[in-house]
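Enquirer: Input: one structure, supplied below.
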Amino acid sequence: GRPISGLFKIYNHFMQTREDLPDYLIVMDDDTYFNMEMFQESFQSFDSSINMYYAGCLVRSPIHQINFTFPFGGYGSILSRGTLVNLFRPIHCAFTNRSISPSFDITTNTATNKNFTYDPEAICTRIKEDNVGEKRYFRNGMNIVQLMYAYSSSERYVNIKNWTSGFCMHSDWAVGYFMNFYNVSMHVKEAFYKDVPHARIEAYKGSEIYRKGTGLCNNENDCPEDSEICHRASADWMRNETNRWKLKFPKKFLNLSAIAL
């Protein structure tokens with residue numbers, strides 16, 4: 001799936017460059033508009049070292065369909081630095097001798113994180129449970145992103161007639177499973193989920209879909225002005241909205257001459 005492949009490419013980028021991890025990473029589709037001025041205002045008082053995962057639009061389906069929440073991929077996901085540390089940290093489990101070649105641990109370059117959920121033993125227990133068939137792909141030294149990528153890419157859809165195991169989930173479901181069940185981020189604050197330990201994805205500004213959408217989940221196609229997130233936005237809408245913000249706050253933008261009126 002694209003979001004998993006994207007996370008894998010991002011991990012490889014930081015492996016190759018040895019750069020410090022960012023405060024926040026936004027993963028979204030190329031037809032999604034994200035107003036970065038509004039994002040900075042929303043997150044300026046947040047502590048990025050705390051491991052948090054926000055879905056621009058959270059899908060909460062009836063439990064007889066899928067018994068965990070997942071991000072609607074097109075609306076984007078926001079991962080804090082603390083969450084990236086959890087995703088990129090190597091895993092070592094005693095139940096297997098299979099391993100990958102040792103690699104540089106990029107999380108050692110990261111500033112101290114207020115990480116309240118990282119539990120190596122719990123991660124190994126989850127892998128052993130093999131809830132969705134991921135155990136066969138695990139090797140000691142992998143991190144969660146590498147496991148996600150191995151799980152989602154080993155059986156190619158174009159070769160479906162020769163599948164021996166197969167990847168049977170939509171990519172958004174797969175992201176939801178690993179983020180929730182591998183305790184990548186803090187438990188959600190909503191009281192409704194207090195007895196659900198695998199509720200780990202926050203609905204950004206209360207935006208979720210349960211039968212019908214609320215909040216930012218309703219922002220689709222060419223959205224109203226000043227939309228923080230807009231999914232399936234046209235190139236013209238993105239350009240016009242960006243130019244409008246440049247004129248609205250000229251001191252925040254360096255190259256006003258680039259505005260195409």
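Enquirer: On the given criteria, is Lys212 modelled with pLDDT under 95 and more than 23 Å from the chain's Cα centre (by Cα)?
Expert: Answer is no for this residue.
Enquirer: Looking only at the stretch 199-222, which residues are closer than 13 Å to Thr69 by Cα and open to solvent by 40 Å² or more (accessible area, probe 1.4 Å)?
Expert: Ile209, Tyr210, listed by residue number.
Enquirer: Out of Asn131, Asn159, Asn113, which single residue is assigned to a loop (DSSP other than H, G, I, E, B), at pLDDT below 90 and either under 17 Å from the mean Cα position of the chain (by Cα) or not small (Gly, Ala, Ser) (or both)? Give the derivation first.
Expert: On the way: Asn131 fails: at pLDDT below 90; Asn159 fails: assigned to a loop (DSSP other than H, G, I, E, B).
Result: Asn113 is the single residue among Asn131, Asn159, Asn113 that is assigned to a loop (DSSP other than H, G, I, E, B), at pLDDT below 90 and either under 17 Å from the mean Cα position of the chain (by Cα) or not small (Gly, Ala, Ser) (or both).
Enquirer: Out of everything in the stretch 187-196 that is within 18 Å of Glu208 (Cα to Cα) and either open to solvent by 50 Å² or more (accessible area, probe 1.4 Å) or in a helix (DSSP H, G or I) (or both), what residue ends up being modelled with the highest pLDDT?
Expert: In the first step, residues of the stretch 187-196 are kept if they are within 18 Å of Glu208 (Cα to Cα); the result is 187-194, 196.
Retained after the next criterion (residues that are either open to solvent by 50 Å² or more (accessible area, probe 1.4 Å) or in a helix (DSSP H, G or I) (or both)): 187, 189-194.
On the way: His187: 91, Lys189: 88, Glu190: 85, Ala191: 86, Phe192: 83, Tyr193: 84, Lys194: 86.
That would be His187.
The values are calculated or read from the model by the stated rules, or taken from the named source; none is laboratory data. Computed from a predicted model, the values in this text were never measured in an experiment. Remember, those area values only see protein heavy atoms, side chains included, never the ligands or the DNA or RNA. Shrake-Rupley method; radii C 1.70, N 1.55, O 1.52, S 1.80 Å.
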